[in-house]
Amino acid sequence: MDTELRTGVFICHCGINIAGVLDIEDLCEYAGILPNVVTVQANLFTCAETGTSEIKKAVHDHNLNRVVVAACTPRTHEPIFRASCQEAGINPYFFEMVNIREHCSWVHRHEREGAQAKARDLIRMAVAKASFLEPIETFRSKVEPKALVIGAGIAGMTSALALAGQGFEVILLEKEAEMGGLLRHLHKVAPSDVTAAELIEEKIAAIKNDSRIQCFTSATLEEVNGYIGKYEARFSSGDESHTHKVGVIIVATGGAPLEPVGLYNYDGKHVITQSELEMKLKGGEIDAKSIVMIQCVGARIPERNYCSRICCMVAIKNCLHIKEIVKNAKIFVLFRDIQAYGVETKPSSSKPREPASGSSGIAWTAPPLLRTAK
């Protein structure tokens, strides 16, 4: 590029949202030594009129041709700053924004040193990216009013029905011979207590009865070309090859349950996962009189420091179902803390579920002392 790059960096305090965790003065000093940066300013609220006025003034005073703002979410504030750049006379796409609030100060408020280092990295990357920005002119492009949904598990089927309900045509692809995905391996679904098979059949029936949805099973996606709003997807189903133009693609290919190899003598027979328990419940194979459920196995540890959000509810549900099958079963649940998030459900006219007979045979223990059996 022949034109000299002249970048201005604007760092927002966002009141105490950012400045309460990050050292803004340090970030300004750091940004000032980055390549092509000719001015750095800190603002209390960069998105306010005083902040956007400072950006426009700096563009003229320092002959800027690139602008970087380190502030909050681009989702709501990026248009404001692009408009400021345009009003100042430079292409709005010579602007780059970095989120040091949601992506840094908010999520790392208890790790200030790490948050500061991350904020530096984010700003450095934004400045580097700004060097490669090119002018873009906006234009209108026709959008294909059709969607491609890859995967016909519960997420894919729900997405297809939602889109069709809004009047759009949908192509639904499933690699297996039948729709349903992982839901086919489950017994019942909490908290509605409906059987997974019933839920699957309900969704499949709705899909087959909707003329706006074309479902292809035993399908393989072979190629996708194009861009947002105008893709061309080629796939095969059985011995037939198909090509469709679509405007949007939803990837709902599902996941796989963690197999806790090496933890608590897991062997898939005597020590099993909740997913494997679901299969036994579905087949009515439960005959054990004493059962222990250990929560958070393989989760909330350094390798996976998050909560799956479903394990506790699944454990509660399966405890109740076991008590229905084996009345005198003793069930022990070992947990750190119960996270029963629940889901929003529509009011049901059906009779409320009766408590399982002998449900007092379920023991909850926290915090657990977990040791691998010898």
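As an exercise: evaluate Arg82 against (1) surrounded by fewer than 18 Cβ atoms within 10 Å (Cβ to Cβ); (2) assigned to a helix (DSSP H, G or I) and give the number of the one condition it does not meet.
Exception for Arg82: condition (1).
List the pairs whose first member sits in region 59-77 and is at positive phi and among the polar types (S, T, N, Q), whose second member is at pLDDT 95 or above and in a loop (DSSP other than H, G, I, E, B), and whose Cβ atoms are under 8 Å apart, counting only residues at least 6 apart or on separate chains?
From region 59-77, the pairs are Asn63/Arg6.
Just give me the residues in region 200-256 being β-branched (Val, Ile, Thr), surrounded by 15 or more Cβ atoms within 10 Å (Cβ to Cβ) and assigned to a strand (DSSP E or B), in sequence order.
Passing the criteria: Ile213, Val246, Val248, Ile249, Ile250.
Hey, could you check region 28-58 for residues that are at negative phi and assigned to a loop (DSSP other than H, G, I, E, B) and say which is surrounded by the most Cβ atoms within 10 Å (Cβ to Cβ)?
Thr46
Enumerate the pairs (first residue in region 92-112 and more than 14 Å from Ile24 (Cβ to Cβ); second residue anywhere and part of a helix (DSSP H, G or I) and of a type in the set (Lys, Arg)) with beta-carbon separation below 6 Å, excluding pairs fewer than 6 apart on the same chain, so at least 6 apart or on different chains.
Pro92/Arg82; Phe95/Arg82; Glu96/Lys129
For Tyr266, which of the numbered conditions (1) part of a loop (DSSP other than H, G, I, E, B); (2) in contact with a Pro (Cβ under 8 Å, 6 or more places away or on another chain); (3) closer than 18 Å to Leu183 by Cα fails to hold?
(3)
Of all residues being at pLDDT below 95 and among the hydroxyl-bearing types (Ser, Thr, Tyr) in region 133-186, which is surrounded by the fewest Cβ atoms within 10 Å (Cβ to Cβ)? Just the residue, please.
Checked region 133-186; the qualifying residue surrounded by the fewest Cβ atoms within 10 Å (Cβ to Cβ) is Thr138.
If the requirement is being without any contact (Cβ under 8 Å) to a residue 60 or more places away in the chain and more than 30 Å from Val170 (Cβ to Cβ), which of these qualifies: Ile294, Ile310, Ile272, Ile316?
Of Ile294, Ile310, Ile272, Ile316, the one residue that is without any contact (Cβ under 8 Å) to a residue 60 or more places away in the chain and more than 30 Å from Val170 (Cβ to Cβ) is Ile272.
The values are calculated or read from the model by the stated rules, or taken from the named source; none is laboratory data. Note that the structure is predicted; figures quoted are calculated from it, not measured. Cβ atoms come from the backbone with ideal geometry, glycine included; neighbour counts cover every protein chain shown.
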